[in-house]
Amino acid sequence: MRDLLLGPYAGAGWTLALGVGLHALAWFMVSTAVPGTVAELGGAPLVAWLTTAFEGASIVAGAAGGLTKQRIGPRRAMLTAVGLFALGLVVAAAAPSMEVVLAGRLLQGLGEGLVLALSYVLIKDLFPERLVPRAFGMLAVVYAVAAFLGPVLAGLLTDLVSWRAAFAAPLLLVMVLVVLVLRVLPADAPREPAAAVPLGRLLLLAGAIFSFALTGNVSGAPAVIALALAALLALLTALWLDARAPRPLLPRTAFRPGTAVGLAYWVILLMPVAVSGSYVFTPLFLVVTFDFGVTLAGYFFSLTALAWSATALLVARVDSRAWTRRLVAIGPLLQSLGLLAVWAGFAAVGPAAVALGLASIGGGFGVSWAFLNQEVVRHTPRGEADLAAGLVPTVLTGGFALGAAFAGLLGNLGGVTDPLTAEAARAATATVFAGGLGFALLSGLAAVLLARRLRTLGVQPAAAGESPGG
């Protein structure tokens, strides 16, 4: 990473690193500060919405990242995104109620979703081709490091000052990012008129996520079924419209199970869906179940990101195509084992099992994430490079949003109430982590199929729309 952060491309490297790092900081700091927020404002049944609002809004903005860059230029697009994010930080930090906190998280998601997508889209514009794979690896490591620091900083700020300080702290880095954007990113206006941002399809995607999230906050089977069907209808309609649009949001091979790109996107989506329950509820459950302080809960929660960083660095120099295929499949397996350990830790074994499980969940991301990104880039047709690059973080965000909504539903069904007792928290772990384990097994199946597809591409011509790879 020396060429990216210390050499002639240092300005670009730090700009994109801060853009990706802010997303991780904002999410992990808020997740860790949740016990302090609930203690002051109440609203335990709305905890999952803190993630759903952020990630759902991120999808809407992130899916339009490439088009926004083309329409107003990279500098103006990034400054607009950073401004929305900063406004959201202020609103959430000053909120008098959980509902206002959610409004702030929505603004943060709109801003940071666009920042994250632009950071990935700009890689090919700011770096020579030889550094592009390293840039993807760098962003994976930066995300993991920020995710490690976020819980620790949030825990310390919450215990020493307040949860509001934890919410507002990223504003310091926002100011640094603004300076870098003004110095590094070109202000060139687009030379050709860009296509209009497809607001209809984006709103349908957001409606699907938020409708599903609402199922956890309504009573009665008819209401739950109606919202779930509305979410499914909105999602299918958005995908149907996109497949027929002259300027689609998705590459044409995205989510097609017979292609390497399609399978890679399924793994990228299902891995965060599987573990979202641990991200949403672990800090709160640690405080309530084991009587942890927020700082100690933050240290525990940061094990996920620490393991992600450590394993990402460990496998960074792997260049064997056979081993990269194996590592793609190993990631979901580690997450499955981690979910089992966290579940057992809360149910009976104790904090040590929770710690081991969190590390295994992070390790699952670390061993496979950079290789999943590279396979998407390697096998996407050249004309869809912008779409594919911008879609990767959007799919990851979508996975966390859907997973948080699902975890919120399972948590509320399992007994997450206001006020939350240790007995209720332990009961809820059974539903939250069992549901996550099911999705982890699905992501493992998709990863195995992807590994087989990649092996096939190495020995015979690729299918239409795919490059041979490796």
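The values are calculated or read from the model by the stated rules, or taken from the named source; none is laboratory data. None of these values were measured; they are calculated from a predicted model. Cβ coordinates were reconstructed from backbone atoms using ideal geometry, including for glycine residues, and neighbour counts include every protein chain displayed.
Of the candidates 208, 274, the single residue that is part of a helix (DSSP H, G or I) and not assigned by TED's automatic domain parsing to the domain that holds residue 348 is 208. If you go through region 405-456 and keep only what is surrounded by fewer than 17 Cβ atoms within 10 Å (Cβ to Cβ) and among the polar types (S, T, N, Q), you end up with 417, 421, 456. Just to be sure I understand the filter: pairs with C-beta atoms under 7 Å, separated by 6 or more residues or on different chains, first member in region 305-322 and of a type in the set (Ser, Thr, Tyr), second member surrounded by 15 or more Cβ atoms within 10 Å (Cβ to Cβ). Which pairs pass? Note: pairs meeting the criteria are 309/141; 309/144; 309/145; 309/148; 309/366; 311/363; 311/366; 311/367. The condition (being more than 28 Å from residue 131 (Cα to Cα) and not small (Gly, Ala, Ser)) is satisfied by just one residue among 327, 340: 340. Among the residues making up region 370-396, those that are closer than 15 Å to residue 273 by Cβ and either of a type in the set (D, E, K, R) or at pLDDT 75 or above (or both) are 372, 395, 396.
Under the condition of being over 23 Å from residue 397 (Cα atoms), touching a residue at least 24 places away in the same chain (Cβ under 8 Å) and crowded, with 24+ Cβ neighbours inside 10 Å, the residues counted in region 332-383 number 2. In region 177-187, the count of residues that are surrounded by fewer than 18 Cβ atoms within 10 Å (Cβ to Cβ), of a type outside the set (A, V, I, L, M, F, W, C), in a helix (DSSP H, G or I) and modelled with pLDDT of 80 or more is one or more. Taking residue 110 as meeting all but one of (1) modelled with pLDDT of 90 or more; (2) within 18 Å of the chain's Cα centre (by Cα); (3) not small (Gly, Ala, Ser), write down the number of the exception. So residue 110 meets the others, but not (1).
Looking at 215, 237, which one is of a type outside the set (A, V, I, L, M), modelled with pLDDT under 75, assigned to a helix (DSSP H, G or I) and under 30 Å from residue 432 (Cβ atoms)?
Going through 215, 237 in turn, the sole match is 215.
Only one entry in 356, 402, 334 is in contact with a helix residue (DSSP H, G or I) (Cβ under 9 Å, 6 or more places away or on another chain), more than 19 Å from residue 306 (Cα to Cα), assigned by TED's automatic domain parsing to the domain that holds residue 303 and part of a helix (DSSP H, G or I), namely 402.
Being more than 30 Å from residue 420 (Cβ to Cβ), at pLDDT below 75 and of a type outside the set (D, E, K, R), is that true of even one residue in region 69-80? Scanning region 69-80, I find at least one residue that is more than 30 Å from residue 420 (Cβ to Cβ), at pLDDT below 75 and of a type outside the set (D, E, K, R), so the answer is yes.
crowded, with 23+ Cβ neighbours inside 10 Å and at pLDDT 80 or above: which single residue out of 305, 310, 230, 274 fits that description? Give the derivation first.
Numbers: 305 fails: at pLDDT 80 or above; 310 fails: crowded, with 23+ Cβ neighbours inside 10 Å; 230 fails: crowded, with 23+ Cβ neighbours inside 10 Å.
Only one candidate qualifies: 274.
Note on region 251-267: among residues that are modelled with pLDDT of 85 or more and among the hydrophobic types (A, V, I, L, M, F, W, C), the one that is surrounded by the most Cβ atoms within 10 Å (Cβ to Cβ) is 264.
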